[in-house]
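Heads up: the structure comes next, in structure tokens.
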Amino acid sequence: MLAALQQELEKRKADGLLRQRRLLDSPQAENIVANDKKYLSFCSNDYLGLANHPQLILAMQQAAGDSGVGSGASNLITGHHRYHDSLEKQLAKFVEMPAALLFSTGYMANIGVLGALAGREDAIFADKLNHACLNDGGYYSLAEFNRFPHNDVNALEKLLKASKAKRKIIAVDAVFSMDGDIAPLREYLALCEQFDAYLYVDDAHGFGVLGAHGQGSLNHLQLKSPRIIMMATLGKAAGVAGAFVAGEQVVIDYLIQTAKSYVYSTPAPPALSATLSASIKLIEQGDNLRAKLQHLVATLKQNLKIKKWQLMPSETAVQPLVVGSNHDVLRLSEYLQAQGILVPAIRPPTVPVNTGRLRISLSAAHSEEDVLKLAHAINQAEKDLEG
């Protein structure tokens, strides 16, 4: 086995697919220290620049002082702290849903929810570009797992029409993490009404960024229905860690009893929930941060002057620049890195073959000058690397 594993690693390296961790020696911010070097970073999902916010640091310090550093037991024993409970109520109110439930990660939320709500007699319908944890949740559920082409409403309708499943769940990302586009959720909800299905929305990259006061993609599209269940992560725009699921009270009550990744896990430390409670208040008051973020998105688009590479259509903080082959996108990432700019090269299987890209993540913590520096560096890189 060991020899086979080594061969697989060597093949990954030859194919330009070997990934390496960077060692971070600074807080997550627009300027970081990684592998002992300073970089202007366009790598993080800290879309509002809250990960190093002084109010959140203070909140965590104070909460750790009175709640300790660990939960100590699973939620259904003695691990459900007052801080957890308060945050769940706050999140439900913020996204205007009856109830919410905390999970330690978005991955655990997705596999827990889909595994609890769908089984052998049921069917899940998933976009082919969904995040891996939605796919894994579908596979682990033992339900019939159907995948349809990206954002293809007609293809999904045909699958739903042909399905004889007892329970049907459409599971999709709201904002796609590697493309930056928004799913046609309004059309999906209409299909749910037509075919007696439910819509499970992963809003990891929309929560905090889109909608009134950052309430997320559902609010952005003005969608409300008892058929909707949403998940959002709390380590991206919220700047901390964890995830929550929100929906009808009966759904949340059922998940508390049956979602294995909730029932059989020790919850995140209470201090994180107290910190997130402060973060949600900052998000709610952060219209100026979201306005700045949109200005930075527009600045990038206006100043990129490229001919061969393609910036994908996205109005979100995720701005993907498609380059092509694994080796070409790695060369571009390394070119920028040599100039002190860090942008990750995304390659298969995360994205389709020959669509290797830079995943440019903008944050309200960036300045206009930061974004101009990036745009000018990419413009020059296309001339230098493709000339």
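When you go through Tyr47, Tyr83, Tyr107, Tyr39 one by one, which is the residue that is of a type in the set (Phe, Trp, Tyr), more than 26 Å from Thr316 (Cα to Cα) and touching a helix residue (DSSP H, G or I) at 6+ places or on another chain (Cβ under 9 Å)? Outline the logic, then answer.
Details: Tyr47 fails: more than 26 Å from Thr316 (Cα to Cα); Tyr107 fails: more than 26 Å from Thr316 (Cα to Cα); Tyr39 fails: more than 26 Å from Thr316 (Cα to Cα).
The match here is Tyr83.
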The condition of being out of contact with any helix residue (DSSP H, G or I) (no Cβ under 9 Å at 6 or more places or on another chain), of a type in the set (S, T, N, Q) and at pLDDT below 95 holds, among Gln20, Gln7, only for Gln20
Those residues of region 144-194 which are within 21 Å of Gln222 (Cβ to Cβ), in a strand (DSSP E or B) and β-branched (Val, Ile, Thr) amount to Ile170, Val172, Val175, Ile182
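Which residue, of Leu56, Leu76, Leu102, is open to solvent by less than 20 Å² (accessible area, probe 1.4 Å) and modelled with pLDDT of 95 or more?
Numbers: Leu76 fails: open to solvent by less than 20 Å² (accessible area, probe 1.4 Å); Leu102 fails: open to solvent by less than 20 Å² (accessible area, probe 1.4 Å).
Only one candidate qualifies: Leu56.
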Among the residues of region 285-311, the number that are within 19 Å of the chain's Cα centre (by Cα) and surrounded by fewer than 18 Cβ atoms within 10 Å (Cβ to Cβ) is 1
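Conditions tested, residue by residue: (1) open to solvent by less than 40 Å² (accessible area, probe 1.4 Å); (2) within 26 Å of Ala338 (Cβ to Cβ); (3) among the charged types (D, E, K, R).
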position	(1), (2), (3)
Gln7	no, no, no
Gly16	yes, yes, no
Ile32	yes, yes, no
Asn35	no, yes, no
Phe42	yes, yes, no
Gln61	no, no, no
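When you scan region 312-329, how many residues do you find that are under 25 Å from Gly214 (Cα atoms) and touching a helix residue (DSSP H, G or I) at 6+ places or on another chain (Cβ under 9 Å)?
Of all residues in region 312-329, those under 25 Å from Gly214 (Cα atoms) come to 312-320.
Cutting the leftovers down to touching a helix residue (DSSP H, G or I) at 6+ places or on another chain (Cβ under 9 Å) gives us 314-317, 319.
Of the residues in that region, 5 qualify.
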### Message
Ala51 - would you say it is outside any strand (DSSP E or B), surrounded by 13 or more Cβ atoms within 10 Å (Cβ to Cβ) and under 25 Å from the mean Cα position of the chain (by Cα)?
### Response
yes
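Can you find even one residue in region 116-139 that is open to solvent by less than 60 Å² (accessible area, probe 1.4 Å), in contact with a Pro (Cβ under 6 Å, 6 or more places away or on another chain) and on the phi < 0 side of the Ramachandran plot? Even if it seems obvious, please write down each step before you answer.
Residues of region 116-139 open to solvent by less than 60 Å² (accessible area, probe 1.4 Å): 116-119, 122-127, 130, 132-138.
Now restrict to residues that are in contact with a Pro (Cβ under 6 Å, 6 or more places away or on another chain): none.
No, that holds for no residue.
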| Can we say Lys373 is more than 26 Å from Leu48 (Cα to Cα) and part of a helix (DSSP H, G or I)? | no
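Would you mention how many residues in region 361-377 are aliphatic (A, V, I, L, M) and touching a strand residue (DSSP E or B) at 6+ places or on another chain (Cβ under 7 Å)?
Taking region 361-377 as the starting set, the residues that turn out to be aliphatic (A, V, I, L, M) are 362, 364-365, 371-372, 374-375, 377.
Retained after the next criterion (residues that are touching a strand residue (DSSP E or B) at 6+ places or on another chain (Cβ under 7 Å)): 362, 374, 377.
Of the residues in region 361-377, 3 are aliphatic (A, V, I, L, M) and touching a strand residue (DSSP E or B) at 6+ places or on another chain (Cβ under 7 Å).
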Here the qualifying pairs (Cβ atoms under 8 Å; residues six or more apart or on different chains; first in region 63-91 and of a type in the set (A, V, I, L, M); second part of a loop (DSSP other than H, G, I, E, B)) come out as Ala64/Pro269; Val69/Pro269; Ala73/Thr266
Subset of region 140-176, residues open to solvent by less than 20 Å² (accessible area, probe 1.4 Å) and within 29 Å of Glu315 (Cβ to Cβ), comes to Phe148, Leu156, Leu160, Ile169, Ile170, Ala171, Val172, Asp173, Ala174, Val175, Phe176
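The values are calculated or read from the model by the stated rules, or taken from the named source; none is laboratory data. Nothing here was measured: the structure is a model prediction, and the numbers come from that model. A quick note on method: Cβ atoms are made from the backbone with ideal geometry, for glycine too, and the neighbour counts reach across all protein chains shown. Please note that ligands, DNA and RNA were not included when accessible areas were found on the heavy atoms of the full protein model with its side chains. Shrake-Rupley method; radii C 1.70, N 1.55, O 1.52, S 1.80 Å.
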